[in-house]
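Asks: Below: one structure in structure tokens.
Readers should treat all values here as calculations from the given coordinates under stated rules, not as data from a laboratory. For clarity, every value in this text was computed on a predicted model and none was experimentally measured. Cβ: placed from backbone, ideal geometry, glycine included. Neighbour counts: every protein chain shown.
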């Protein structure tokens with residue numbers, strides 16, 4: 001059984017008014033435990049609206065979201081518990097920091113779960129370690145730290161609830177390359193150690209190409225493409241028509257194929273491209 005399933009999900013803003021707009025249109029998909037699902041789409045494609053349905057922040061105009069086989073809107077108690085199991089980290093989550101200390105901010109979720117203080121402290125320490133935070137900053141204000149540290153504090157606050165599905169909306173936006181790699185490493189570490197599923201919304205085609213087990217592409221509120229990174233990025237022309245780019249390795253491979261270089265149809269990571277090019281020049285010396 002998938003950990004979460006959306007069936008024919010539709011959401012209409014300002015329904016019944018002259019400003020009515022369909023943001024999500026008849027989307028169905030499943031998320032399996034332990035998988036990393038990448039979600040891509042141009043600005044306004046419905047990505048953020050869609051993910052807000054997965055932990056009940058928005059209620060669908062039509063369709064149903066199931067968590068472990070149960071309709072999440074079946075009763076209020078289930079919906080409250082769901083928000084501890086499906087953790088959502090918004091884009092620029094550092095703007096959500098509000099407590100006086102780093103410790104209190106990370107502890108906010110576990111305390112709302114009704115855990116005793118010993119369990120709260122254990123979870124705060126565990127979550128901080130996951131994201132590379134030093135316990136020495138627990139008594140400092142979360143607002144006095146760098147953008148990258150604030151991002152880690154916000155992420156730790158969600159991880160401290162030990163969600164079974166971690167949803168991240170552009171978690172590396174605005175970070176430098178080193179900060180991006182560090183945050184992505186923290187996310188993968190949590191997935192690998194906990195067995196949780198991860199849904200990653202990103203504009204970085206290179207990141208989702210090398211990290212995701214599966215990709216879905218949203219376009220004008222609809223599910224346009226779905227499959228492995230290789231299957232999705234094989235539709236380079238179609239992605240460009242939707243206003244999306246493709247990974248740098250795919251662009252290079254397409255340019256080389258136009259010049260007669262024999263390469264496979266689906267090349268989407270620089271590591272794979274380098275391996276192919278090395279194989280092509282075998283016998284000409286080391287790569």
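Asks: Over segment 128-226, how many percent of alpha carbon pairs lie in each 10 Å bin up to the one with the longest distance?
Replies: 13, 46, 30, 9, 2
Asks: While we're here: Based on other C-beta atoms within 10 Å, arrange 205, 161 from fewest to most.
Replies: 161, 205
Asks: Given only helices, namely DSSP H runs of n ≥ 4 each adding -39500 (n - 2.57), what is the per-residue ellipticity at 222 nm of the chain, to the nearest 500 deg cm²/dmol?
Replies: On the way: 11 runs with 113 residues, N = 287.
Rounded to the nearest 500, it is -11500 deg cm²/dmol.
Asks: Hey, what angle do you get for helix 102-112 against the long axis of the chain, alpha-carbon based, 0 to 90 degrees rounded to 10?
Replies: 70
Asks: Modelled label-to-label distance, residue 76 and residue 92, 7 Å Cα→beta-carbon offset: nm?
Replies: Distance between the two pseudo-spin positions: 3.3 nm.
Asks: Using only the Cα atoms of segment 247-287, what semi-axes does the equivalent ellipsoid have when each is the square root of 5 times a gyration tensor eigenvalue? Give whole Å, largest first.
Replies: Rounded to whole Å, the semi-axes are 18, 12, 7.
Asks: In nm, what is the difference between 0.36 nm times the number of residues separating residue 181 and residue 254 and their Cα-Cα distance? Numbers along the way, then the final one.
Replies: Details: separation 73, 0.36 × 73 = 26.28 nm, distance 2.64 nm.
That works out to 23.6 nm of additional length.
Asks: Additional query: Pull up the DSSP beta bridges for the chain and report the antiparallel fraction as a percent, rounded to 5.
Replies: Antiparallel: roughly 55 percent of the beta bridges in the chain.
Asks: Considering only DSSP beta bridges whose two residues both sit in segment 136-287, what percent are antiparallel, to the nearest 5?
Replies: Close to 50 percent.
Asks: OK, next. By count of other Cβ within 10 Å, fewest leading, how are 146, 141 ordered?
Replies: Values: 146 11, 141 14.
In order of increasing Cβ crowding within 10 Å: 146, 141.
Asks: What is the Rg over Rh value, at two decimals, for the chain, using alpha-carbon atoms and the Kirkwood definition of Rh? Can you show the working numbers first?
Replies: Working: Rg = 20.7 Å, Rh = 20.4 Å.
The Rg/Rh ratio comes out at 1.01.
Asks: In what order do 98, 233 fall by count of nearby beta-carbon atoms within 10 Å, going from fewest to most?
Replies: Least to most surrounded, the residues fall as 98, 233.
Asks: Let me ask something else about it. How far is helix 270-280 tilted, in degrees, relative to the longest principal axis of the Cα atoms in the chain, given as a value from 0 to 90 rounded to the nearest 10?
Replies: Helix 270-280 sits at roughly 20 degrees to that axis.
Asks: Nearest 10 degrees is fine. How inclined is helix 177-194 to the longest principal axis of the chain, computing both from alpha carbons?
Replies: Approximately 70 degrees, to the nearest ten.
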